[in-house]
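Have a look at the structure below, then the notes.
Each reported figure results from applying straightforward, stated rules to the coordinates on display, with no laboratory input. Everything numeric in this text was worked out from a predicted model, so none of it was measured. Cβ coordinates were reconstructed from backbone atoms using ideal geometry, including for glycine residues, and neighbour counts include every protein chain displayed.
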Amino acid sequence: MVIANCQIIERICTTAGSDLYRALRLTDGMPVLLKFPSENADAAQSALLKCEHLLLQSLEGTGIAKPLALVDERGAFALILEDFSGASLEAVLGRDLHLDLVVCLRIGRQLADTLAAIDAAQVIHRDIRPANILFDPEAGQVLLVDFSMATAQREGAVPAEDVAIPAGDWAYVSPEQTGRMNRSVDYRTDGYSMGVLLYRMLTGQLPFQANDPLEWAHCHIARVPTPPREIVPEVPQAMSDIVMKLLSKLPEDRYQSAHGLQSDLDQCLAQWQASGRIEPFPPGTDDTPKRFQVPHRLYGRDSEAATLLGAFERMAATGQAALVTVSGYPGICKSALVDALRKPIVAKHGYFSAGKFDQYRRDIPYATLTQAFRELVRQLLAESEARIAGWPHQIQAAVGGNGQLIVDVLPQVELIIGPQPPVPALPPTEAQNRFRMVFRQFVTVFTSAAHSLVLFVDDLQWIDAASLTLIEDLLTHPDTRYLLLIGTRRGCCGMMRDVGLGSGTWIRSRRRTSPTTLST
């Protein structure tokens, strides 16, 4: 087979929608690697190869595939890379229960150099896993051959809303990359994936086992893996500690620089070569952050966090819809306090979705609620095919022939339930009542004992009247179960003054749902 004027010798592996081949360039007989969209890949895959070529041209360093050319092959791009004689690391790990300690150390040390080069170029790889790495056992060298998910981090991090649900192997995804942590993704996400890789090389197994994306997200966010040394006693304590540091749930607990990881692996190698053993030492001693990062830890709010968690656990146990308001001055971590709930929610297989009211968008009805539910739909679309297959029937059964009302405010829902018939026109008041009813029916699809729903709305003082009425309907209707609404607002009484509710709608809503109110 000939692709892009290259004679294909063998297919090495498949990486994120592209096949990687070993080939000979016909013009000069030069051995090369060639990436070409897989047979069933969509048109976007070719565009990704073009972006990958541009990115690789800007990178220099050990273990990074060097681009030679980008060739238009019958309307699809083929990426030609410098030759490397290794095999897929995934194939190597598939043959062996676990790798020799020295081999693990050398692979890890080279990949640490690669991460350093990537970070120096202000790039986040986001897909460090053995399927994207070639390993030459004779030369003891590795090559990172796929950058299709890589992105630049010019401002220090990628906003959480800009992080795509990973198309790669969920086993290697960092907690913040799951899309359920409300955390920006920065260079430290690659360190977590590196930890998963080292764990597998040392033990012959992954830190976690799961069957679908929802389970994987729960594992990465909420479960602590068994240390490698407890699985394979021959693993030195120092190596086990290095891996566990890489696998820390919070980015600020991982290595803050590739240099710190390089230094620790160097120390392990030096000890092993000198004495055939590695004495324990605290990891990260030589780890110095290369850039300033604001930690996301919450300090001095244990009591308030316990109150929020208690409200969630009561709702999950009883099924009764509940409301919690968190009030306080700007800048005192109201939002961070609420965000601390994400971990226990994921642990119980619940859904957490968030939106923020804007004083300059109060003329747009339901804008913040639709923002929150867009995030929820995004989570649904990232679930396993089996779970996704069940949603169309459940949603359609709930909304009946009024599905277009939901699609009008949440266009992404059409990806799940398909095109909907038009709904008949009604007078304004009746149309509003119908929308509230249909939206409530839509919400109840995602609120059950199996998976409760927590909605977080920030800056509640800027709520629009339409959203307020809809929230009241959701919280007070007997059909609404397993729903917790958390709202933050400025000051203790500012919301009532700012919204100007002469009718007292909000007071009635709060009284009927027995709200918990926190002042921070």
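So the values come out like this:
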| item | result |
| --- | --- |
| Sequence-distant residues sharing a close amide H with V185 (under 5 Å, placed H) | V158, A160 |
| Between helix 188-203 and the chain: long-axis angle, C-alpha atoms, 0 to 90°, nearest 10 | 60 degrees |
| Gyration tensor (alpha-carbon) shape descriptor, region 361-492, a/c threshold 1.5 | oblate |
| Förster-model FRET efficiency, 35 Å R0, C51 and Q412, C-beta, rounded to 0.05 | 0.90 |
| Whole-Å semi-axes of the chain's equivalent ellipsoid (Cα gyration tensor) | 47, 29, 19 |
| Burial order of peptide ranges 67-76, 396-405, 200-209, 427-436 (average beta-carbon count within 10 Å, highest first) | 200-209, 396-405, 67-76, 427-436 |
| Long-range HN-HN contacts of I9 with modeled amide H, under 5 Å | R22, A23, L24 |
| Taking the C-alpha atoms of region 2-82, convex hull volume expressed per residue in Å³ | 92 Å³ |
| Stretchable slack from D42 to S384, in nm (0.36 nm times residue separation minus alpha-carbon distance) | 121.2 nm |
| 222 nm mean residue ellipticity, helices alone, for the chain (DSSP H n ≥ 4; -39,500 (n - 2.57); rounded to 500) | -12500 deg cm²/dmol |
| Pair A465, N5: separation of 7 Å Cα→Cβ label points (nm) | 7.0 nm |
| Theoretical FRET efficiency, 1/(1+(r/R0)^6), r = Cβ-Cβ of A121 and L97, R0 45 Å, to 0.05 | 0.80 |
| Protection-proxy order for peptides 366-376, 407-417, each taking the mean of Cβ atoms within 10 Å per residue, highest first | 366-376, 407-417 |
| FRET efficiency estimate (nearest 0.05) - Cβ-Cβ, V224 to S85, R0 30 angstrom | 0.15 |
| Kirkwood Rh in Å, taken over all unlike Cα pairs in region 87-275 | 16.6 Å |
| Label-reachable residues, region 75-116, where backbone N falls under 12 Å from a point 7 Å from E138's Cα toward its Cβ | 85-87 |
| Likely footprinting exposure, C104, C51, fewest C-beta neighbours within 10 Å first | C51, C104 |
| Residue-span extension gain [T27 to Q404] - 0.36 nm each, minus C-alpha spacing | 130.0 nm |
| DSSP beta bridges in the chain [antiparallel fraction, %, rounded to 5] | 60 percent |
| Amide H contacts under 5 Å for S18, placed H, 5+ residues apart | S38 |
| Listed peptides 263-270, 311-318 by packing density, highest first (mean Cβ within 10 Å) | 263-270, 311-318 |
| For region 213-264, alpha-carbon Rg and Dmax in angstrom | 12.5, 36 |
